[in-house]
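Student: One structure, pasted below without further comment.
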Amino acid sequence: MKILKIDHLGIAVNSIDDGKAFWSDVLGLDFEGAETVSEQKVTTAFFPVGESEVELLESTAPDGPVAKYIEKRGQGIQHVAFRVENIDDALAELKEKGVQLIDQQPRIGAGGAKIAFLHPKATNGVLVELCQRD
Ligand code: ZN
């Protein structure tokens, strides 16, 4: 598998508007607009930082994965996303190595990227996302 870079850091927040007050107003990062991914019950907002981005995640429902994360662990870094050259190859390789996956197949995330999550049990407690952008 070829990992190209850290694509983004996913940060769970109670409110993207409140999050913007720090990431955009204080740090001066550009806010590139918000997008709701209804399947994941989340609204995301991306802030480019050099070659990577900060992704703020706000839950759209109390039973969504981001709401559950905040309930358990509070606001903060929820996942790390690595950009891979080919996500199908990467998943095949991980399966072959017996790595526990949340997504067996890539799905479509914010910005039309192909994404898949690895299980934190397989990664020393870090929720890892792979993503491929063409
Ligand atoms: Zn992400």
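Student: Would you please list the contacts, defined by Cβ atoms under 8 Å and residues six or more apart or on different chains, that run from a residue in the stretch 4-19 that is without any contact (Cβ under 8 Å) to a residue 40 or more places away in the chain to a residue that is within 14 Å of the ligand (Cβ to nearest atom)?
Tutor: As it stands, the answer is Gly19/Ile11; Gly19/Val13; Gly19/Ala45; Gly19/Leu56; Gly19/Glu58, since those pairs meet every condition given.
Student: Inside the stretch 1-53, can you point out the residues that are farther than 17 Å from Gln75 by Cα and among the polar types (S, T, N, Q)?
Tutor: Result: Ser24, Thr36, Ser38, Gln40, Ser52.
Student: Now for a different question. List every residue pair whose Cβ atoms lie under 6 Å apart, where the two residues are 6 or more positions apart in sequence or sit on different chains, the first residue falls within the stretch 67-83 and is among the polar types (S, T, N, Q), and the second residue, located anywhere, is part of a loop (DSSP other than H, G, I, E, B).
Tutor: Close Cβ pairs (under 6 Å, with a partner that is part of a loop (DSSP other than H, G, I, E, B)) amount to Gln75/Val13.
Student: Considering only residues that are in a loop (DSSP other than H, G, I, E, B) and among the basic types (Lys, Arg), look in the stretch 82-134 and name the one that is nearest to the ligand (Cβ to nearest atom). Spell out how you get there, then give the answer.
Tutor: Step one: list which residues in the stretch 82-134 are in a loop (DSSP other than H, G, I, E, B), which gives 85-86, 97-100, 102-106, 109, 113, 119, 123-127, 133-134.
Next cut, among the basic types (Lys, Arg) only: 97, 133.
On the way: Lys97: 22, Arg133: 12 Å.
Taking the candidates together, the pick is Arg133.
Student: Go through (1) at pLDDT 95 or above; (2) within 14 Å of the ligand (Cβ to nearest atom); (3) surrounded by fewer than 19 Cβ atoms within 10 Å (Cβ to Cβ) and name the single condition His79 misses.
Tutor: (3)
Student: Does the stretch 36-51 hold any residues that are surrounded by 15 or more Cβ atoms within 10 Å (Cβ to Cβ), of a type outside the set (A, V, I, L, M) and closer than 21 Å to Ala21 by Cβ, and which are they?
Tutor: Of everything in the stretch 36-51, those that are surrounded by 15 or more Cβ atoms within 10 Å (Cβ to Cβ), of a type outside the set (A, V, I, L, M) and closer than 21 Å to Ala21 by Cβ turn out to be Thr43, Thr44, Phe46, Phe47.
The values are calculated or read from the model by the stated rules, or taken from the named source; none is laboratory data. As the structure is a prediction and not an experimental result, all values here were calculated from the model. Note that we place each Cβ from the backbone using ideal geometry, even for glycine, and neighbour counts take in every protein chain shown.
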